[in-house]
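What follows is a set of notes on a single structure, which appears directly below.
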Amino acid sequence: TFRGVVTAQLPGARAMKLEEINRILEQFHVPVLESYDSVSGAVYSILKNRNESDLLFAAGSLYLVGEIRGYMEQEC
């Protein structure tokens, strides 16, 4: 069952602001479970609090996916 999304602020001037991302998601009635000021904070929290049966999906840029992959390799 889909519970919602976790959002994180990417670094850099070109990155969309976290508040704007959350506002857009809320317009489409997508539950924002938590928001983090860094990708590392989001990844570590998700990994710490997930159940073994939880499915995780990452959406965003290739830069974001690469960053998440790096954290996953360190933790798993």
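The values are calculated or read from the model by the stated rules, or taken from the named source; none is laboratory data. Keep in mind the model is a prediction, meaning the values are calculated, not measured. Cβ placement follows ideal geometry from the backbone for every residue including glycine, while neighbour counts extend to all protein chains displayed. Areas reflect the complete protein model, heavy atoms only, side chains present, ligands, DNA and RNA absent. Shrake-Rupley method; radii C 1.70, N 1.55, O 1.52, S 1.80 Å.
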Residues (under 15 Å from residue 59 (Cα atoms) and among the charged types (D, E, K, R)) located in region 1-41 = none
Pick from 52, 73, 26, 20: which is among the acidic types (Asp, Glu) and outside any helix (DSSP H, G or I)?
-> 52
State which residue pairs qualify: first residue without any contact (Cβ under 8 Å) to a residue 12 or more places away in the chain and of a type in the set (A, V, I, L, M, F, W, C) and inside region 49-68, second residue surrounded by 11 or more Cβ atoms within 10 Å (Cβ to Cβ) and part of a loop (DSSP other than H, G, I, E, B) in any location, beta carbons under 7 Å apart, and separation of 6 or more residues or different chains.
-> 56/50; 65/58
Identify, please: which residue in region 1-39 is open to solvent by less than 80 Å² (accessible area, probe 1.4 Å) and of a type in the set (S, T, N, Q) and is, among those, farthest from residue 72 (Cα to Cα)?
-> 22
Looking at this structure, is residue 42 aliphatic (A, V, I, L, M), open to solvent by 40 Å² or more (accessible area, probe 1.4 Å), touching a helix residue (DSSP H, G or I) at 6+ places or on another chain (Cβ under 9 Å) and within 14 Å of residue 4 (Cα to Cα)?
-> no
